[in-house]
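Working notes for the structure below.
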Amino acid sequence: MSRVPPVRPVPLPVTLPGQARVRVASGSENVCAAEARRHQLDRTEQARAARLRRDDDPDRFLVAHVCLRALLGERLGAAPGRLLIEREPCAGCGGPHGRPYLPGRPVHFSLSHAGDLVLVALAPVPVGVDVEPERDASLIGDTVDALHDVERAELLGLPARARGAAFARCWARKEAALKSAGTGLVRGASQPYVGSGLVPAQPDGHHVLDLPAPPGHAAALALHLG
């Protein structure tokens with residue numbers, strides 16, 4: 001019987017506060033190993049994977065969730081396939097599709113993927129992680145109008161050639177902060193203010209950090225301390 005290859009999320013080379021950890025994995029390099037572990041996903045995860053049809057979305061989703069379960073199992077000393085992941089009520093409608101969590105377990109988690117990159121974050125407090133590709137300034141469009149007034153002014157005050165990288169920084173921080181708060185984008189993207197400059201702003205109740213990312217991408221981590 002052939003040995004099932006392991007998934008290989010590796011530590012991101014960055015110092016994080018407390019016991020927060022971020023692991024990074026290549027979607028293309030881990031898809032075969034993740035496919036061999038598809039049975040570890042619960043019915044909801046498998047159904048979501050089956051609904052994805054665009055480009056490499058099913059592969060990235062599968063790798064992200066298999067890596068998440070592998071890291072949670074390692075942290076908790078539990079079999080990945082036996083972990084019960086539930087959902088908090090949605091912050092917008094109250095439905096059962098809010099932030100995922102492990103009932104009764106002392107660990108919070110978040111994941112994100114873009115292109116071939118998969119990020120998984122674990123922490124003892126609510127955490128959010130996000131990775132975003134840089135877009136051409138002409139493709140940012142009306143999304144800028146959804147941001148905080150100061151962020152919008154920062155971005156529109158930049159030369160067009162610098163706007164894509166600044167927007168990616170801002171949006172990665174924003175998504176990470178909103179994930180850590182458990183609201184996502186259901187209440188809009190104007191709050192909290194995280195900034196688009198080289199150093200993230202620190203909104204009340206959050207600790208926001210930029211993460212190393214490949215060229216053409218921006219990534220961020222947010223810990224919810226409130």
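Here are several values of volume of the Cα convex hull per residue in Å³: (i) 135; (ii) 117; (iii) 224. Which one was derived from the coordinates shown?
The value computed from this structure is option (i).
Looking at Val194, Leu139, Gln40, which one has the Cα that reaches farthest to the positive end of the dipole of the chain (charges on Cβ: Lys, Arg +1; Asp, Glu -1)?
So the residue furthest toward the plus end is Gln40.
Pick out which of Val66, Val208, Val107 has the largest mean-square fluctuation in a Gaussian network model of the chain, springs linking Cα atoms closer than 10 Å.
Val107
Give me the 1.4 Å probe accessible area per residue for the chain, excluding ligands and nucleic acids, in Å².
On the way: 11440 Å² over 226 residues.
On a per-residue basis, 51 Å².
Quick one: compute the contact order of the stretch 1-146, relative version, from alpha carbon pairs under 8 angstrom and 6+ residues apart, as a percent. Don't skip to the answer; put the middle values down first.
Values: 206 pairs, mean separation 32.2, N = 146.
Rounded, it is 22 percent for the stretch 1-146.
Could you work out [θ]222 nm for the chain from helices alone, using -39500 (n - 2.57) per DSSP H run of at least four and dividing by all its residues? Round to the nearest 500 deg cm²/dmol.
Numbers: 6 runs with 73 residues, N = 226.
Counting only the DSSP helices, I get -10000 deg cm²/dmol.
How big is the dipole moment of the chain about its Cα centre under a simple scheme where the beta carbon of each Lys and Arg is +1, that of each Asp and Glu is -1, and everything else is neutral? Debye, nearest 20, please. Provide the component values of the computation, followed by the final result.
Numbers: 27 positive and 24 negative charges, 154 e Å.
In total the dipole reaches around 740 debye.
Count neighbours as other Cβ atoms within 10 Å of each site's Cβ, and list the trypsin sites (Lys or Arg not before Pro) in the stretch 149-226 that are DSSP loop with at most 14 such neighbours.
Details: sites: Arg152, Arg161, Arg163, Arg169, Arg173, Lys174, Lys179, Arg187; in loops: Arg187.
In loop regions of the stretch 149-226 (DSSP not H, G, I, E or B), the sparsely surrounded trypsin sites (Lys or Arg not before Pro) are Arg187.
Taking the stretch 35-127, which trypsin sites (Lys or Arg not before Pro) meet the DSSP loop condition and have no more than 13 other C-beta atoms within 10 Å?
Loop-located and lightly packed - Arg53, Arg54.
If the elastic network links every pair of Cα atoms under 10 Å, which of Leu76, Leu111, Leu139 fluctuates the most in the Gaussian network model of the chain?
Largest GNM mean-square fluctuation: Leu139.
The values are calculated or read from the model by the stated rules, or taken from the named source; none is laboratory data. Here the structure is a predicted model, which means the values were calculated and not measured. Methodologically, a virtual Cβ is constructed for each residue, glycine included, from the backbone with ideal geometry; neighbour enumeration extends over all protein chains shown. These accessible areas exclude ligands, DNA and RNA; they are computed on the full protein's heavy atoms, side chains included. Shrake-Rupley method; radii C 1.70, N 1.55, O 1.52, S 1.80 Å.
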